[in-house]
Amino acid sequence: MLLPLALAKARFIKSNGHPMPDHPIYSMVFAELYPHYVKKAERKDRTQAEVDEIICWLTGYDAKGLQEQCDCQCDVRTFFDESPAFHPNSTLIKGVVCGVRVENVEDPLMQRIRYLDKLIDELAKGKAMEKILRA
């Protein structure tokens with residue numbers, strides 16, 4: 001299953017010398033994206049708790065903060081912009097998600113989205129949580 005951001009491109013794409021508007025994923029409500037991550041994990045016999053652990057590790061939210069972000073219906077940009085402490089080891093996340101090498105994404109917000117997507121992919125592929133969380 002491809003997540004909604006599977007075909008995401010860089011934030012600004014030059015067309016006739018003019019930047020295009022933000023990618024649509026930025027304005028998507030995070031609470032609408034979250035079930036896709038859970039569904040992908042559960043189809044591979046992983047759990048919602050593991051998805052939550054990954055999201056909290058990456059963003060610095062605790063369980064209560066994650067729930068509040070889902071309840072407030074904030075968009076993806078706000079979700080990442082308000083994250084308490086993006087994990088310093090996130091730079092250790094490497095690899096390809098849907099043909100895009102996450103460490104080469106230039107837009108910081110899109111890179112954070114791709115990092116999360118990559119971690120969920122690793123979970124769905126059966127990787128151990130210790131390795132996913134770069135412990």
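To keep it simple, each residue is scored yes or no on (1) modelled with pLDDT of 95 or more; (2) aliphatic (A, V, I, L, M).
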{"site": "10", "(1), (2)": "no, yes"}
{"site": "14", "(1), (2)": "no, no"}
{"site": "21", "(1), (2)": "no, no"}
{"site": "39", "(1), (2)": "yes, no"}
{"site": "49", "(1), (2)": "yes, yes"}
{"site": "52", "(1), (2)": "yes, no"}
{"site": "55", "(1), (2)": "yes, yes"}
{"site": "59", "(1), (2)": "yes, no"}
{"site": "79", "(1), (2)": "yes, no"}
As an exercise: evaluate residue 94 against (1) modelled with pLDDT of 95 or more; (2) closer than 17 Å to residue 113 by Cα; (3) assigned to a helix (DSSP H, G or I); (4) not hydrophobic (A, V, I, L, M, F, W, C) and give the number of the one condition it does not meet. (3)
Filtered residues of the stretch 42-73 (kept if closer than 18 Å to residue 134 by Cβ and either surrounded by 16 or more Cβ atoms within 10 Å (Cβ to Cβ) or in contact with a helix residue (DSSP H, G or I) (Cβ under 9 Å, 6 or more places away or on another chain) (or both)): 46, 50, 51, 52, 53, 54, 55, 56, 57, 58, 59, 61
Which one is nearest to residue 110 (Cα to Cα) among residues in the stretch 41-94 that are more than 13 Å from the chain's Cα centre (by Cα) and basic (Lys, Arg)? 94
Selection status of residue 85, outside any helix (DSSP H, G or I), over 21 Å from residue 23 (Cα atoms) and either in contact with a strand residue (DSSP E or B) (Cβ under 7 Å, 6 or more places away or on another chain) or of a type in the set (A, V, I, L, M) (or both): yes
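The values are calculated or read from the model by the stated rules, or taken from the named source; none is laboratory data. The shown structure was predicted, so the numbers you read here are calculated from the model rather than taken from an experiment. Every residue, glycine as well, gets a Cβ built from its backbone with ideal geometry; the counts of neighbours run over all protein chains shown.
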